[in-house]
Amino acid sequence: MKVPWHQAEREAVASLRDLLRLNTTNPPGNERIATEYLSGLLGQHDIQFTVIESMPTRASLVARLKGRDRTLPPLMLSSHTDVVPVEEHSWTHPPFGAEMAEGCVWGRGALDMKNKTAIDFVLVTAMARAGAKPERDLIVAAVADEEAGSDLGARFLVERHPELVRAGYVLNEAGGFTLFFGERRFYPIQVAEKGYVTVEMTVHGRPGHGSMPREDSAIVRLCELITKIARTPMRPRITPLVRDLMASLGVPEESPPAIMRALLANTVSPNIVYAGYKDNVIPGEASVVLDGRTVPGEDPETFMAELRAIVGSGPTFKLLKTAPPAEASPDTPLFRLIAERVEAADPGARALAWMIPGATDNKFYARLGAVCYGFSPVKLNQSLPFGSLFHGNNERIPIDGFLWGMRVYAEVVLSFLGVRFDEVFE
């Protein structure tokens, strides 16, 4: 039975709000409450699924609709159900209240990325209700732990259960939002992402009594090195993708806008500092956790060598975690379909292949040979810039922009699956 489109829209908004009310903050995670909710949606329509717990409460769900032609590589729609922590006192509306105000749904995860989770599951259940048979297998995944590096989510599935998530193409997060550049509108589609290298850097010194200050204490020396890191840019590494992107935008390489600077080189950010244990004791060591990001073509060894050149031989390094960069070609039928539908839905705008400075689960799915794109479309106005809401206070999504994105996304997915839109919706 076909699903009325206006009904699907109502279901998507309701599911988004239900998901936002589930506190899946990572740490600690507890994505199990999200998979229980999503399991209930699938169970109503007899859709087969698997729930995998990498640790107690750290659950991921994978469902599959079988396609007509098993020789075609599957399409996977992926999202993560964990969210980053909040500073609740700084929010206008409760971060887990899913309130509707000022034309938006407010809550942690509204953009990152329970919006896509809601759309993915409304779409797959609508296909099941309509009896639509895709040309290729459709996999839908809602995974744990992306916000803490994916060890308990996508990475775990790829390494321990690859048969569940092996696909030819993946649509994931961090692309398809409106980007205003001067008077022009663009929709960046993520085809590449930087890798990460997380390092603990430690400086040692002589401990002593706090009444006898030292200019060369471990804390003082660490502060000097942190300042040096922050003020010493890493050498430029402009990839062909980014060079083409800058040319499309008319951006000179010597004076890029702030939104693009992190794409032009490896970067490092000092984010956690540890030192001391008593107010009258000068500690013998001080440490900082450095968040390093590497462009495609770089690896942890080249990054560490460059970091060592900045700080010198004194401090010690401990590599905490790492994952490589990833890049997919935009020269595919799926990318061309995405660009065509986005540009048709917002006349005058342009879709662009984009690299993000952060990391997503795509870097792990790519290990299984998938072509991975970030495409979770939402139409924004200039008062709601994507970057300020992503991991920020007062995260929210405009309802009309969410529904605009849902329509574009459904058209892309169904077309790529060989299913007509009017076979599923009316």
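Values quoted throughout were computed directly from the atomic coordinates according to the rules given, and no laboratory measurement underlies them. None of the values given here were measured: they were computed from a predicted structure. Cβ: placed from backbone, ideal geometry, glycine included. Neighbour counts: every protein chain shown.
Some notes on this structure:
- Segments 259-269, 382-392 sorted - mean Cβ within 10 Å per residue, highest first: 259-269, 382-392
- Full extension of the chain segment joining A14 with R367 gains 123.6 nm, where the gain is 0.36 nm per residue of separation less the Cα-Cα distance.
- Where both bridge residues fall in the chain, DSSP classifies roughly 70% of the beta bridges as antiparallel.
- Cβ crowding within 10 Å averaged over residues, with 202-214, 315-327 ranked highest first: 315-327, 202-214
- The range 133-270 - percent relative contact order, Cα under 8 Å, separation 6 or more: 12 percent
- Extents of the range 276-426, largest first, come to 71, 36, 27 Å (Cα atoms, principal axes, whole angstrom).
- The range 349-378 versus the range 186-252: alpha-carbon centroid distance in Å: 24 Å
- Alpha-carbon gyration tensor eigenvalues x 5, square-rooted, for the range 272-314, Å: 30, 12, 5
- Over all distinct Cα-Cα pairs of the range 162-319, the Kirkwood formula returns a hydrodynamic radius of 18.6 Å.
- All C-alpha pair distances within the range 135-233, sorted into 10 Å bins from zero, spread as 10, 23, 21, 20, 16, 9, 2, 0 percent across the bins.
- At 1.567 mPa s and 4 °C, Stokes D of the range 107-147 from Kirkwood alpha-carbon radius, µm² per second: 110 µm²/s
- Summed residue charge, Cβ within 15 Å of R336's Cβ, Lys/Arg positive, Asp/Glu negative: -2
- Cα-based reach from K321 at 12 Å (exclusive), listing aspartates and glutamates while leaving out same-chain residues under 8 positions away: D151, E200, D291
- Gyration tensor (alpha-carbon) shape descriptor, the range 1-143, a/c threshold 1.5: oblate
- Label-to-label distance, nm, for residues given as E183 and I259 (7 Å Cα→Cβ offset): 1.7 nm
- Reciprocal of mean inverse Cα separation for the range 249-323 (Kirkwood radius, Å): 15.1 Å
- For the range 178-242, relative contact order (Cα pairs under 8 Å, six or more residues apart, normalised by length) works out to 18 percent.
- Pair-distance distribution P(r) for the chain, from all Cα-Cα distances in 10 Å bins starting at 0: 4, 21, 30, 25, 13, 5, 2, 0 percent.
- Only helices enter this figure: runs of n ≥ 4 DSSP H residues, each worth -39500 (n - 2.57), summed and divided by the residues of the chain, yield -9500 deg cm²/dmol at 222 nm to the nearest 500.
- Rounded to the nearest 5, the antiparallel percentage of DSSP beta bridges internal to the range 1-143 is 65%.
- When the square roots of the Cα gyration tensor eigenvalues are ordered a ≥ b ≥ c, the ratio a/c for the range 11-58 is 1.5 or more and a/b does not exceed b/c, which makes its shape oblate.
- Of the cross-linked pairs K228/K318; K133/K379; K278/K318; K114/K194; K2/K133, those separated by over 21 Å at the C-alpha level are K133/K379; K278/K318; K114/K194.
- Within the range 238-293, the percentage of alpha carbon pairs spaced more than 18 angstrom apart rounds to 54%.
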